[in-house]
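Below is one structure, written out as structure tokens; the observations come after it.
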């Protein structure tokens, strides 16, 4: 069994009802589903923050591409993907 801790949250009654319906339909507990949802949200938000931090570090280190160069690369990629058609 994994270690866990308890946390109390407030939910809108409609959201709680939806969670209950999902729990019934999946034969999982509301607690299990809520914990999965929180974990997915936290993981996604942390990944976004880490990406921003990497981007800022790239800017500080001068690892950047001008807007013009980036757009030229995008246009080339689109042209190749569309078979050279505009």
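Quick note: the coordinates plus some simple rules give every number you see, no bench work behind them. It should be emphasised that the depicted structure is a prediction, and the values quoted were computed from it without experimental measurement. So basically every Cβ, Gly included, is an ideal-geometry build from the backbone, and we count neighbours across all protein chains shown.
Within the stretch 63-84, residues that are without any contact (Cβ under 8 Å) to a residue 12 or more places away in the chain and at negative phi sit with their Cβ atoms under 7 Å from residues that are assigned to a helix (DSSP H, G or I) and surrounded by 11 or more Cβ atoms within 10 Å (Cβ to Cβ), at 6+ positions apart or across chains, in these pairs: 64/58. Close Cβ contacts (under 7 Å, 6 or more residues apart or on different chains) running from residues in the stretch 3-22 that are within 13 Å of residue 33 (Cβ to Cβ) to residues that are part of a helix (DSSP H, G or I) comprise 19/30; 19/33; 19/34; 20/30; 22/33.
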